[in-house]
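The values are calculated or read from the model by the stated rules, or taken from the named source; none is laboratory data. Keep in mind it's a predicted model, so treat the numbers as computed, not measured. We place every Cβ from the backbone using ideal geometry, glycine too, and count neighbours over all the protein chains shown.
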Amino acid sequence: MELITVPKNAIIKYGQLWNGISPAADGPGRIYIADGLIAPSLAGAQEAPLLDFSRYFLMPALIDGHVHFTFPDGTAPSGRAREYLQAGVFAARDAGNKDGFLPAYPPFLLLQSGYAIHQKGRYGSAMGLGAANLGEALALIDKLAAQGASQVKIVASGIFSFTSFGRVGSATFTTDELKQLVRQAKGHGLPVMAHASGDEAVRRCLEAGVDSIEHAYFLSLESLREMAARGTYWLPTLAPVDAQLSDPGLAKQLTPQMHSIISRSLARHLEMVAEGSVLGVRIVAGTDAGAPGVAHGRGLWREIVLLQQAGMSAAAALQAATSTAATACNLSQAGTVAAGKKPYLLLLDGNPLADPAVLENPAALLLPA
Ligand SMILES: [Zn+2]
């Protein structure tokens, strides 16, 4: 796996191309990079140096919409950004940690929330700061914005139970409180990502106008329809629950009853992903990397496979980790291979629309100069 900086002016020759949106790939062909951006045509390209990738499949580089960069050990190992880049993931959105803001790790792009905001005494202390009341939560948003947050992360519920099917840690902030938190974040121009599982918390977050709902285990069909109507992004985070079952070290710690409950919970969630996809919900791949059994970087390959297992087409599952993830994460210059975008690109030895396993051995990650 090579990291290649694309010169400001270059012609990229490819064998096949998937642009991040289309149902299928095409090629062979060439794209022209002019002044650091993908040009609308090859006009004027003659003078530019040629990058000959005609043996390879070209697609947008991957984005993970939900990670915990400092997990599992509470510190940021310097090699972690490299793990993402080596997996073809050039950017990830951090969903909060208890150390607040982290250094930058160029060329990897970490979109930081700093501290996730939760209600003091309720779920969320491992990934942020608790607010004793609404005023404290609003003040924390101001502070995070001043420190350069890319988005605000709010914890609006607990997590689902591994011992009682369908039981979820209850919703925390009220709809009115959530509305005020969203308004405060918007005042700073920041999107809000909300941790919510259980339908009550999901409904409150939707009504409050959050930008993305994270997890949403045990949401209802009605909420899915509402998500589709509002254009709210959904990050179903299948990988951490799948890991409980598929990681041998984790699976052996489960009682048969827990195994059964987690299996049923995941099966239900996969069905909701299929429903959401049909309804046109904007589904984004987010791994919760750093959670037990979910590797930083490589975990995204598994999330893409799980989205396909749920019933999404290969192109839709890849969109969730490219074009849709880019819009959810405000990365307007990435996510597609299209005129005006920067060349955040991935080179593969085969077509991931035919076989997602080719993602597991990326040939190179191309990054803009
Ligand atoms: Zn998370």
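Key figures
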| quantity | calculated |
| --- | --- |
| Tabulated pairs, the range 21-33, first among the β-branched types (Val, Ile, Thr), second assigned to a loop (DSSP other than H, G, I, E, B), C-beta under 7 angstrom, 6+ apart or interchain | ILE21/THR336; ILE31/VAL337; ILE33/ASN9; ILE33/ALA39; ILE33/PRO343 |
| The range 118-130, subset surrounded by fewer than 23 Cβ atoms within 10 Å (Cβ to Cβ) and in a helix (DSSP H, G or I), residue nearest to the chain's Cα centre (by Cα) | ALA126 |
| Answer from ARG268, ARG230 - the residue that is surrounded by fewer than 24 Cβ atoms within 10 Å (Cβ to Cβ), away from the ligand (no atom under 16 Å from the Cβ), basic (Lys, Arg) and without any contact (Cβ under 8 Å) to a residue 40 or more places away in the chain | ARG230 |
| ALA243 vs. criteria outside any helix (DSSP H, G or I) and within 16 Å of the ligand (Cβ to nearest atom) | no |
| Members of the range 328-359 that are of a type in the set (Gly, Ala, Ser), in a loop (DSSP other than H, G, I, E, B) and over 23 Å from MET1 (Cα atoms) | SER332, ALA338, ALA339, GLY340 |
| Any pair with Cβ under 7 angstrom, 6 or more apart, that starts in the range 331-347 at a residue that is more than 9 Å from ALA61 (Cβ to Cβ) and ends at one that is at pLDDT 95 or above and among the aromatic types (Phe, Trp, Tyr) | LEU347/PHE53; LEU347/TYR56 |
| Out of LEU111, LEU134, LEU58, sole residue that is within 30 Å of LEU345 (Cα to Cα), modelled with pLDDT of 95 or more and away from the ligand (no atom under 14 Å from the Cβ) | LEU58 |
| Breaking point among (1) surrounded by 16 or more Cβ atoms within 10 Å (Cβ to Cβ); (2) out of contact with any Asp or Glu (no Cβ under 9 Å at 6 or more places or on another chain); (3) among the aliphatic types (A, V, I, L, M), for ALA146 | (1) |
| Verdict on SER113 being surrounded by 24 or more Cβ atoms within 10 Å (Cβ to Cβ) and either in a loop (DSSP other than H, G, I, E, B) or in the same structural domain as LEU345 (by TED's automatic domain parsing) (or both) | yes |
| Matching strands (runs of 3 or more DSSP E) fully within the range 1-94 where at least 2 residues are closer than 19 Å to LEU359 by Cβ and of a type outside the set (Val, Ile, Thr) | 2-6, 10-17, 50-60, 62-67, 89-94 |
| Residue count for the range 271-296, restricted to those that are in contact with a helix residue (DSSP H, G or I) (Cβ under 8 Å, 6 or more places away or on another chain), within 16 Å of the ligand (Cβ to nearest atom) and of a type outside the set (A, V, I, L, M) | 6 |
| The range 131-143, residues that are buried (at least 17 other Cβ atoms within 10 Å of the Cβ) and without any contact (Cβ under 8 Å) to a residue 40 or more places away in the chain | ALA131, LEU140 |
| The range 187-209 residues that are within 16 Å of the ligand (Cβ to nearest atom), paired with ones that are at pLDDT below 95 and among the β-branched types (Val, Ile, Thr) (beta carbon under 9 Å, 6 or more apart) | HIS195/ILE159; SER197/ILE159; SER197/VAL168; GLY198/VAL168; ALA201/VAL168; ALA201/THR172 |
